[in-house]
Every structure is written in structure tokens, then in C-alpha cells.
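Peer 1: Dropping the structure in here first, questions after.
Rule-based calculations on the coordinates, nothing more; no lab input. Being a predicted model, the structure only gives us computed values, none of them experimental. All Cβ positions, glycine included, derive from the backbone under ideal geometry; neighbour counts span all protein chains shown.
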Amino acid sequence: MNFFEQTFMDFLLEHQERHGRTYHFLILMNSILNAAKRIQHYYLTGALKGYLSLTGQINVQGEKCLRLDEMANEVVKYHIWRSGRVIQAVSEEEEDIIQMNPDGRYFIYYDPLDGSSNLPHNLPVGFLFGIAKRNLEGPEDYHLRAGKEFIAAGMFVIPTGTFTIALKEAGCWRFHIDETMNYVKPTRISLPSDRSSWELSFNAAHREYYRREIAEWLLKNEKKYQFRYLGALAADFHRLLTNGGLFLYPAIINHPNPKKNYPEGKLRLMYEAAVVSFMCQEAGGLAINEKGKPILEVVPKHHHQRTTLFVGSKELVEEIASIL
Ligand code: F6P
């Protein structure tokens, strides 16, 4: 008799039935999984087929577009539209809110290919998403939701083949892709309390452009921990969830080239920071911005809003909060 690992869809079906829920979320997640597998396929064949090259265009964030960025966006858009369960979507790749099914139950915020500077090197990138539920009883509600209103948030690390998802008040879980392209073997993720594995993750090239208190904290504390930085949030955060520590992307305020300053931070609130913060909370961690406010409490004013981010083990995030 063969041994079959539990798939993500089996896991989710059991979860939904245990909590007496409908199957709508299952249908949405199936479409997200299909999109992720397709992106994984395009990534793996991309170097040979030339998808990893530049298109010459600039996206709404002012970054150079790679063909795979556009393809990944189209793939996600198609699959979630096909699910029929999404009312509106926000994509990192599109300036405007994407209108989908007026009867859809969910809002989705996604970055189809995060960390794309890793692409030409065949290094890891991520597909990140957060999901909020529409107000089904009352008046029409709005897509600009704080992370605390997410019902789920997750990320695929591509092409590594891992999928991590946090379900509201039901923990953070990791799955691995198998030979049939199913994500299998749920493992519950909790940030380790033992400091010996903790790591710091930040772009060290910017450290002298951070606010003084943060630069000083780093100088004083960095030798206590290992340092790791891949430059793709999904990949860096993936390590952090297992090893513990702190990922930080503070405001850049003193750059000699003012165009390289990010006074509000660089990362996007809705489909980057809130997504990892939601996962971190379900894994026992914490996330704040540079004002000391929990990321999950921040109500976005705009769907592409930027934020500063300090996310990881509670004690380290609290240490940062105490110096801000
Ligand atoms: O926001 C996109 C992103 O590529 C993240 O995935 C990553 O954490 C960050 O930017 C890297 O930025 P930098 O190149 O400035 O370190």
C-alpha cells in the first residue's frame, strides 16, 4: 500500500467542515493554487524560453517589468476570476482596482511575483496574497481593509515549491509541492522561542540611511544574531518563520540621492507587509511600522500604500517598539 500525504485541499476541506463553513473559500483557494502551479511552471521553463528577460516597460511602482511579472499577473487574474468568488482584486502589477464578479464574496490583494530582481538569477521569488471577506449582510463595504480583517494570507516560494498559509485564528501552516504538483504534508509553523537560531534580515546597504535610533539598535545588537538577506520578501520571511528573529525594512531618509529615499518605507502595505504580518501573528510573532503601530491595525488610505515594516519574533519587535 502506498502512503499518501495529506494535500492542502484535503486539509482545507476538513478545516471548513470542522468549522461548519461553506465551500466558497475552498473554491477560491483552488484557483489560487492553480495559479501558483502555473507560475511555478513558467518560472522553471522561463530561462530556456526567455520569459525571464526584461520587457522594457515600467510597472506602476516605477520598476522595470520582466515578462514573467506580467505573465504571473495574468495567470492569477484569470484563475481568481474563473473561481467566481472574488468581487475585487488589488494587484501589485496594476494601478487600478480590478473589478471581478459583483456577487463575489472575497477581496483579494496579491503580488504575483515578488522579489523579481532574483528572477534573472533563477533565485527564489514569491507569490503573496491576502484575503478579506465582503460584508454579506449589511451595506456594500470597501476593499481598503486593515490586515486584521484578513481571513487568510499566504505565500508560495517559487520555484522552491513551498506554500505557507495562515488561517484566521487557526495557525500558520506550511506545505511542500510533491511530484504530482500537489501541495502536501501540513506542518504547523510557530516561531521558535530559542534565540540561538534567530536571524536579522535587512538590506545592509541602507543602514546608514535609517533613522538614528534604528541604526544604533542595529550596531548594538546585530552581533547577537546571524544575518541573512535574499532580497525577496517571501524567501526572507520563509526563513524567518522557521528560525525566528527580525525582518526589517525601515524608512530610508538620509540617502545621498533623494530619489532613493523612502520616507514611508518601501514595501506595500496590503499585499506585502499585511500578508507577512498576518502569517507572523498566527505563528506567534508580531509586526509593527516605524510609528510603533501594529501593521495589522493600519487601515490603508490607498491600495498601493507603502509602509515601514518590523516583523518577526515578539521580543525583538517589542525591543524595536521601545526605541521608536
Ligand atoms: O517589494 C519588493 C521587494 O523585492 C521585496 O520582495 C523585498 O523584500 C524588497 O523589495 C527588497 O528591496 P531591496 O532591494 O531594496 O533590498
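Peer 1: List pairs: first in region 102-113 and farther than 11 Å from L28 by Cα, second β-branched (V, I, T), Cβ under 6 Å, 6+ apart or cross-chain?
Peer 2: Short answer, once both residue conditions are applied: Y109/V90; Y110/V76; P112/V76; L113/V125.
Peer 1: Then there's this: Looking at this structure, is G284 surrounded by fewer than 24 Cβ atoms within 10 Å (Cβ to Cβ) and touching a Phe, Trp or Tyr at 6+ places or on another chain (Cβ under 8 Å)?
Peer 2: Spelling it out, it is not the case that G284 is surrounded by fewer than 24 Cβ atoms within 10 Å (Cβ to Cβ) and touching a Phe, Trp or Tyr at 6+ places or on another chain (Cβ under 8 Å).
Peer 1: Within the group G130, G104, G147, which residue is on the phi < 0 side of the Ramachandran plot, over 20 Å from the mean Cα position of the chain (by Cα) and surrounded by 18 or more Cβ atoms within 10 Å (Cβ to Cβ)? If you could, list the steps in order and put the result at the bottom.
Peer 2: Details: G130 fails: over 20 Å from the mean Cα position of the chain (by Cα); G147 fails: over 20 Å from the mean Cα position of the chain (by Cα).
Unique residue meeting the criteria: G104.
Peer 1: Go through (1) more than 16 Å from the ligand (Cβ to nearest atom); (2) closer than 21 Å to E315 by Cβ; (3) in contact with a Phe, Trp or Tyr (Cβ under 7 Å, 6 or more places away or on another chain) and name the single condition E199 misses.
Peer 2: (1)
Residues checked against (1) in contact (Cβ under 8 Å) with a residue 24 or more places away in the chain; (2) assigned to a loop (DSSP other than H, G, I, E, B):
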{"site": "L248", "(1), (2)": "yes, no"}
{"site": "P256", "(1), (2)": "no, yes"}
{"site": "M270", "(1), (2)": "yes, no"}
{"site": "A287", "(1), (2)": "yes, no"}
{"site": "E290", "(1), (2)": "yes, yes"}
{"site": "V299", "(1), (2)": "yes, yes"}
{"site": "H304", "(1), (2)": "yes, yes"}
